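Structure first, then comments.
The values are calculated or read from the model by the stated rules, or taken from the named source; none is laboratory data. Just so we're clear, the structure is a prediction, and the values are computed from it rather than from any experiment. Cβ placement follows ideal geometry from the backbone for every residue including glycine, while neighbour counts extend to all protein chains displayed. Quick note on the areas: whole protein, heavy atoms, side chains included, nothing else; ligands and nucleic acids left out. Shrake-Rupley method; radii C 1.70, N 1.55, O 1.52, S 1.80 Å.
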Amino acid sequence: MAVHTKFHLITYSQEIVDGQPIFVSSNCLPIKALKFEPAGHSFHSAALKLLGVQEDNKDADDKKVVDDKEQTYLPSDSYSSKSKKKTGTGDMQQDHYALLGLGHLRYLATEDQIRKSYRETALRFHPDKQAALLLAEETEAAKQAKKDEIESHFKAIQEAYEVLIDPLKRRIYDSTDEFDDEIPTDCAPQDFFKVFGPAFMRNGRWSVNQSIPSLGDDNTPIKEVDNFYNFWYSFKSWREFPHADEFDLEQAESRDHKRWMERQNAKLTEKARKEDYARIRTLVDNAYKRDPRILRRKEEEKAEKQRKKEAKFLAKKLQEEEAARIAEEERQRKEEEERQATEAALQQKKVKEKEKKLLRKERARLRTLSGPILSHHLLDISDDDVERLCMSLDIQQLRSLCENMGGRQMLLEQAKVLRDALSSKKEEAVDEKTNQQNANGSIKANGSPSLSNIEKKEKPWSKEEIDLLRKGMQKYPKGTSRRWEVISEYIGTGRSVEEIMKATKTVLLQKPDSSKAFDTFLEKRKPGAQSIESPLTTREELGVPAPASSTNNAEVSQNKGTDDQNSPANGVSSSSEQDVWSAVQERALVQALKAFPKETSQRWERVATAVPGKTVNQCKKKFALMKESFRNKKTAV
């Protein structure tokens, strides 16, 4: 319809006059007046449209809008897909989103939006609604071509809806949709967030988990930064990778051919998936290497590590200095103690030498004073008595004795003083001996041995100690530092070094008792060895005296007519009765021979042990007689 410029609005905007678009919004929906019919100019316009004289401007405008949307988007050549159907006129693949009027939303379009857009587009481009276009054509061929075009366009709309409404088909279609696969490689530190932020947002569309963390900015906490990189390092993509060289399963000749096609397609898909994961990993690695927050944390960690290293080195140095100082103080202290000990020993040595000189002087003085007495043989005092006094008395006693003798003028009085000193010394010796004997008697009465007996009597060595001593001498040979102390600790029974050294010359050189070799063997043999217990009635039948009762021994000896003195101490019968075998003994011998076959070690010793009252030789002799009698009976038969 023509625009009448003579009609003006009461109020209008300058944008409408200049032809610029304006955006109008309302909070209500438009209401179509369906019950009203066109009249006036509208009636004439509708009649002209039905006759094909005038075109529908609205449909032309809608078609123009759709064409503009189709031209605003071109599919990417990254991946080609069979889900994008080609038109019959050329190689250009149709855009499903553009056909439904969702080219501005694309993969962000929801299912409700797809359904709503499909209903509107299908209603607008339905072949029944396009009948006016057929009337506009003059020839039948043009009408048929226009009809085919309308039908193909409507089928394309239906196909687009079928693809986009199915989640699996839509995922395959979205995977091959236009996408920028470029990865930023380098950037300035101040442009990091501007370069890598859009790249992560662009690739986040493929994530299975749509709660995608943001790259953030320079003030983002480091914990959120770690969560961001953890998410991308464990990134899972839903992207499909159809390949141009894939085999069409519908063209398979057989089942095996189809499976082979599936395997080949799976290999191509897996290869493309690995390449995409490698691309995502490269993006994350590049961002992680250039992220100023990560670089700042690495520098801080490096500085902290260096600080700890320096602190550790300083602490170690201080510790070494402290240890050196303590060692120096300990050395000085030991030197001071050694010096003091040396001075004390030297001083003590001087004191002892002085005391020895004084003692020799007093002894010489006593001998000088006792010389006249000894020469006159007064009171039967001999040189031995004087020497005994010199050796037994100390300095004070010798000095007092000499002063006492020196204060007497008469030799007889001096001899009496000397005799009194001898008698008092003898009395002291007798008292000391008596006290010692009383002490020893009291200890013996209490049941404990005397000290001298304890010193003289040593604890005997057991077999275990002797074995440990032998092993210790082999384990710690000559040349080992503190050998005997180490061997004493190895034995672990509290043996002193003197006892061990004495035992090496006495106990270890003793030869083992050969008479007890079999007993030692029986003690050391395995507990699982077979044995036969003798019957309890054998001693009564044989007349062997039981060790528990002396009266039974006397009665058995009288019944057999033998003397108790002729019977051995172990209860075995005399030599005249040893050749006599009872039925019980023979039965025990047969059982023992069965229990211990020929290959048994120490067979006859075990057999003799199992047969009561018989020795090894008697068992062997009885076995030979039994074997000979058995052979005689066999030959007689």
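Here are a few things to note about the model shown:
- Nearest-20 debye value, the stretch 320-409 charge dipole, Cβ charges on Lys, Arg, Asp, Glu: 920 debye
- Whether the stretch 463-510 is rounded, prolate or oblate, judged on the alpha carbon gyration tensor where a/c under 1.5 counts as rounded: rounded
- Set the Cα radius of gyration of the stretch 254-403 against 2.2 N^0.38 Å, with N its number of residues, and you get 3.45.
- Derived scalar couplings ³J(HN,Hα) [the stretch 473-482; Karplus, 6.51 cos²θ - 1.76 cosθ + 1.60; whole Hz; x for Gly, Pro]: 5, 6, 6, 10, x, 5, x, 6, 5, 6
- FRET E, pair Lys349, Arg307, Förster distance 51 Å, beta-carbon r, rounded to 0.05: 0.25
- DSSP-assigned coil residues among GluC sites (Glu not before Pro) in the stretch 228-292, each with at most 10 further Cβ atoms within 10 Å: Glu253
- Potential extension, Asp420-Ser234 segment - 0.36 nm per residue separation minus Cα distance: 55.5 nm
- Shape category assigned to the stretch 189-290 from the gyration tensor of Cα positions, a/c cut at 1.5: prolate
- Gained length - Glu628 relative to Glu224, 0.36 nm times residue gap less alpha-carbon distance: 135.0 nm
- Listed residue pairs exceeding 32 Å between alpha carbons, taken from Lys289/Lys312; Lys49/Lys169; Lys350/Lys502; Lys361/Lys426; Lys147/Lys169: Lys49/Lys169; Lys350/Lys502
- Separation of the stretch 213-288 and the stretch 465-512, taken as the distance between their Cα centroids, equals 78 angstrom.
- Dipole in debye (nearest 20) - the stretch 189-290, about Cα centre, beta carbon charges: Lys, Arg +1; Asp, Glu -1: 220 debye
- Remark: accessible surface ordering of Thr434, Thr220 (largest first) is Thr434, Thr220, probe radius 1.4 Å.
- Protein-only accessible surface order, largest first, of Met473, Met410 at 1.4 Å: Met410, Met473
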